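Chemist: Here it is, the structure, as structure tokens.
The values are calculated or read from the model by the stated rules, or taken from the named source; none is laboratory data. Not measured: the values here are computed from a predicted model. We place every Cβ from the backbone using ideal geometry, glycine too, and count neighbours over all the protein chains shown. We work out accessible area using only protein heavy atoms, side chains counted, and drop any ligands, DNA or RNA first. Shrake-Rupley method; radii C 1.70, N 1.55, O 1.52, S 1.80 Å.
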Amino acid sequence: MSLDPDDPRPPYQQVANALRAAILTKKFEPGEKLPSGAELAKQYGVARMTVQQAIRLLRDEGLVVSRQGSGVFVRERTERPVELRPHIERAFEATNVAIDFAGFSGETLQGMLQEPLDKIRLGRLTPESIAIRILVPDMDHPMSLPCRAEDLSDDPVIRERAHRIQQRSTQAIADAVHELADLGLVKSASVEIRVHQTTPSFKFYVINREQVFFGFYPVVKHTVRIKGEKHELYDVMGKDAVLFHYQVTEDASSMQSQYVAQTRLWFESMWSTISREVEV
């Protein structure tokens with residue numbers, strides 16, 4: 001598997017091309033660990049620095065992820081959407097759990113948290129602290145979405161429905177997390193909620209400050225029944241959002257690491273400037 005001496009491309013690109021082909025043809029399965037840098041260097045007859053350059057290229061393409069102390073792994077998603085649930089559950093194996101969410105209601109997050117919180121109650125997971133921050137739109141003000149399908153106008157009745165969904169989800173998260181602290185199952189637990197006057201077109205989750213799951217909200221037309229009366233509206237569908245996964249790597253300058261850093265920076269800027277706290 002030595003490189004072609006007549007190939008004009010730099011050696012690191014040749015190694016990257018060979019590994020890329022192996023990943024896309026499933027010779028390396030999603031989630032599988034790649035051979036070590038030393039093994040790949042020997043396999044292709046190049047220096048380890050060349051292998052590191054090749055891995056960096058694949059990492060920036062989103063094909064592999066580096067896990068500190070563990071090695072380099074094929075991304076679990078190469079051609080299909082990321083499944084968030086197992087990553088949320090795995091996050092609760094950490095001593096200190098931190099989740100930041102920005103989006104429309106937190107309804108999906110509530111569903112994702114049920115199983116790991118149940119495992120804490122059963123003693124199967126034992127984090128010492130849980131800190132969750134939720135950034136959602138302020139439903140007390142007119143918004144571009146949800147809106148009436150007929151004329152795209154704001155409708156307080158439709159907005160109130162969205163507000164109830166939001167409150168139900170965020171309150172359920174707060175109650176469940178605080179209960180764990182009250183039972184003495186975690187040393188500290190906090191759920192903070194802030195609202196802002198911007199209609200979200202995307203949502204994201206920052207998990208333990210190291211991973212980001214990002215997705216755009218598709219806008220759909222559908223009919224809902226409110227107090228017995230049908231309303232046709234345009235709304236965002238969070239459950240239909242395809243999520244993309246980014247993770248901090250050993251290289252702070254990589255696209256993955258920079259994406260996580262910039263997402264966290266955006267969240268902090270919104271949190272500390274144009275949002276206001278909501279009591280839970």
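Chemist: Can you tell me how many residues in segment 11-31 are of a type outside the set (Gly, Ala, Ser), in a helix (DSSP H, G or I) and open to solvent by less than 70 Å² (accessible area, probe 1.4 Å)?
Modeler: Number satisfying all stated conditions: 9.
Chemist: Here's a follow-up. If you check ARG56 against the conditions, is it within 19 Å of LEU243 (Cβ to Cβ), open to solvent by 40 Å² or more (accessible area, probe 1.4 Å) and at pLDDT 85 or above?
Modeler: no
Chemist: Would you mind stating whether SER275 is more than 24 Å from ILE88 (Cα to Cα) and either modelled with pLDDT of 90 or more or touching a Lys or Arg at 6+ places or on another chain (Cβ under 7 Å) (or both)?
Modeler: yes
Chemist: Applying the selection to segment 231-280, what residues are within 24 Å of LEU58 (Cβ to Cβ), out of contact with any helix residue (DSSP H, G or I) (no Cβ under 8 Å at 6 or more places or on another chain) and assigned to a strand (DSSP E or B)?
Modeler: The answer is PHE244, and nothing else.
Chemist: As an exercise: evaluate GLU128 against (1) of a type in the set (D, E, K, R); (2) more than 20 Å from VAL280 (Cα to Cα); (3) free of Cβ contacts under 8 Å to residues at least 40 places away in the same chain and give the number of the one condition it does not meet.
Modeler: (3)
Chemist: Collect the residues in segment 102-130 that are hydrophobic (A, V, I, L, M, F, W, C) and open to solvent by 40 Å² or more (accessible area, probe 1.4 Å), keeping them in residue-number order.
Modeler: Residue satisfying the conditions is LEU122 alone.
Chemist: Quick test for you: out of LYS187, LYS230, LYS239, pick the one residue that is open to solvent by 50 Å² or more (accessible area, probe 1.4 Å), touching a residue at least 40 places away in the same chain (Cβ under 8 Å) and closer than 30 Å to PRO142 by Cα.
Modeler: Within the list LYS187, LYS230, LYS239, the selection yields LYS239.
Chemist: Do we find that LEU180 is at pLDDT 95 or above, assigned to a loop (DSSP other than H, G, I, E, B) and more than 23 Å from the chain's Cα centre (by Cα) in this structure?
Modeler: no
Chemist: Can I ask one more? State whether one or more residues within segment 52-61 are touching a residue at least 12 places away in the same chain (Cβ under 8 Å), assigned to a loop (DSSP other than H, G, I, E, B) and not β-branched (Val, Ile, Thr).
Modeler: Looking for residues that are touching a residue at least 12 places away in the same chain (Cβ under 8 Å), assigned to a loop (DSSP other than H, G, I, E, B) and not β-branched (Val, Ile, Thr), one finds at least one in segment 52-61, hence yes.
Chemist: Hey, another quick one. Of everything in segment 195-216, what is open to solvent by 50 Å² or more (accessible area, probe 1.4 Å) and charged (D, E, K, R)? Give them in sequence order.
Modeler: Within segment 195-216, ARG209, GLU210 meet the criteria.
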